[in-house]
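The values are calculated or read from the model by the stated rules, or taken from the named source; none is laboratory data. Note that the structure is predicted; figures quoted are calculated from it, not measured. All Cβ positions, even for glycine, are placed from backbone atoms using ideal geometry, and neighbour counts span all protein chains on display. Ligands, DNA and RNA are excluded from the accessible area calculation, which covers all protein heavy atoms including side chains. Shrake-Rupley method; radii C 1.70, N 1.55, O 1.52, S 1.80 Å.
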Amino acid sequence: MVRTVYSPEHCLQYLEQYATQEVYVIGLILGQITEARENVIHLARTPEEKSPDGVSETSYTSEKPEPLRNLLGVSETWVADHAKHVTRMLPGGMFVQGIFVTSDEDIFEDPNYFSKVKSVLNYTFKAQNVNPYMAGNYPHSNERLILHMCTSTKVLTCKSVEVGTGNKTSIKPVEWKFLPKPQQWQRLDCYYEFDEVYPVIVKKSGISVKHQFQQILESAHKTIESSVMFIDGELKEGSEQLEQLNKKKKLKNSTKSAPDVLKSMHVSLFVPFENSLPETVEYLECDGNIHFSGVVASSVFMYPKATVGEAIAAVKQDIIRSLASRFTMHCDALIDDNLLPEEKVCFNEPPRRVLVPVGSLYLCDYLFPGEAPAEALLSVKELLDLQITEGDVICDVETPADTSEFDALDRDTSSEELLATPQEASQFMYITGICFAMFVLIVSILIHYYDGIMACLRQLFSRS
């Protein structure tokens, strides 16, 4: 059976735009795979490489370098970095499904070009596997799409190849269908709150922020994977389709609504009590603690015929992917990863999530404290090759961090540096109290026995 992929009409216009200009272009295919259907949501051109030796995760700029003339000059590292950046913007359940190319050469017939395409896909596959919490690769298949449009004939060809298998190559034909109408998506919204305390052990080299974040991520992943998901307050069967839930909800409410509008579903995650307990209890002498708190806003978009089980996996994946993305971006922005033991209180605020429109759904971007929505426009233009306005960016899904608790801790720490420690203060008060009590006792004795003491003194003086 031939693999079939469904794509919106604007993807065809996007390819024809570059094919008409007769320029070589390589980019990423973004989409979602479910048991019911495979959908492509967007094609994102890979930015031109700045320089052959300037490849890094922060090398994307708005400068326009010299364009490459053919596929053989492309850098696998550059495309892989593009895929990692774009994966951060994808909600759970969506992946980089392959690459597209517009060129005059037939990349499937020319062995050099096809070898280059396989090399790019394999390198990207390995790079996406480096951080498993990012879920960069679709877990149930190693097949990746190759979409090619010839700039001279405008002929579109799509095939799939298996990656991560060494020298073995399995090429399969793929039927690519364009949808004249926008694809409907079932939106699922979840707000997951974190409020955990983690121990900190200070080493001679200091405290590694990246290491601490990694521990938090591992713990969060275990907790979320063990959680149970409720949709609109009810526990659903994993094999049930999302559109069936909508139909049952309409019948239950008996209200007339627009048939083409799918209302958002609210998702709640609950951790079973037995899973919230630690497996073992260990006593550690710690030098401090990390209070990790905040709310992650998750918005996942699923094909309506997807199952509840697929939706559950997508929501959990989205929360962990979002955390991993923020931690990576935050650590990359740090000047020094180590915190010195002398720093009694330190506040770290990873970037917050904003939503950006792509067709009939939303992807996301992240803004650091103090950044304006205009920063998201640059990321969308550079990484997704899309032009949006500042008003299109939805910034209120998450609020900036509340620093009141940190400010209170900072004031308490400053006060402790000026005053004596509680132990020293209590010792001083204890000694002072004893001395004062002894003084009062002596004065009381003198007053009470004043007459007797004076008589004794007079007898002593008279004898002498």
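Summary table below
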| item | result |
| --- | --- |
| Projected area averaged over orientations for the range 265-317, convex hull of C-alpha atoms, nm² | 5.9 |
| Solvent-accessible area of T20 with every protein chain in place, 1.4 Å probe, in Å² to the nearest 10 | 90 |
| Filtered GluC sites (Glu not before Pro), the range 317-384: DSSP coil and at most 12 other beta carbons within 10 Å | E342, E343 |
| Estimated Rh, the chain: Kirkwood, alpha-carbon pairs, angstrom | 26.4 |
| Contact order normalised by residue count of the range 87-209, Cα under 8 Å, 6+ apart, percent | 21 |
| Accessible area (Å², per residue) of the range 281-334, counting only protein heavy atoms and a probe of 1.4 Å | 40 |
| Span from the the range 322-386 Cα centroid across to the the range 95-113 one, whole angstrom | 33 |
| Segment S226-Y6, length gained on full extension (0.36 nm per residue, minus Cα span) | 75.9 nm |
| Accessible area, probe 1.4 Å, largest first, for residues L72, L235 | L235, L72 |
| Distance (nanometres) between label positions extended 7 Å along Cα→Cβ at I447 and H211 | 6.5 |
| The range 188-247 versus the range 158-172: alpha-carbon centroid distance in Å | 34 |
| Rounded to 10°, Cα long-axis angle of helix 374-384 versus longest principal axis of the chain | 40 |
| Computed [θ] at 222 nm, helices only, for the chain once each DSSP H run of length n ≥ 4 contributes -39500 (n - 2.57) | -12000 deg cm²/dmol |
| Partner lysines for K172 [C-alpha distance under 20 Å; skip if fewer than 8 residues away on the same chain] | K116, K118, K159 |
| Set of lysines with alpha-carbon distance to K316 below 18 Å, sequence-local pairs under 8 removed | K222, K236 |
| Exposure ranking of K84, K116 by accessible area [1.4 Å probe, largest first] | K84, K116 |
| For the range 181-248, alpha-carbon Rg and Dmax in angstrom | 19.3, 61 |
| Restricting the range 80-187 to GluC sites (Glu not before Pro) in coil, as DSSP defines it, with at most 12 other Cβ within 10 Å | E109 |
| The chain: angle of helix 308-333 to the longest principal axis, Cα-based, in degrees nearest 10 | 60 |
| Angle in degrees between helix 76-89 and the longest Cα principal axis of the chain, rounded to the nearest 10 | 60 |
| Over the range 65-189: Kirkwood hydrodynamic radius from C-alpha pairwise inverse distances, Å | 15.9 |
| Positive-end extreme of charge dipole, the chain - chosen from Q128, N112, G31 (charges on Cβ) | G31 |
| Inverse of mean 1/r across different Cα pairs in the range 112-158, Kirkwood, Å | 12.5 |
| Cα convex hull volume per residue for the range 300-381 (Å³) | 118 |
| Apportionment of accessible area to carbon and sulfur, the chain, percent (1.4 Å) | 55 |
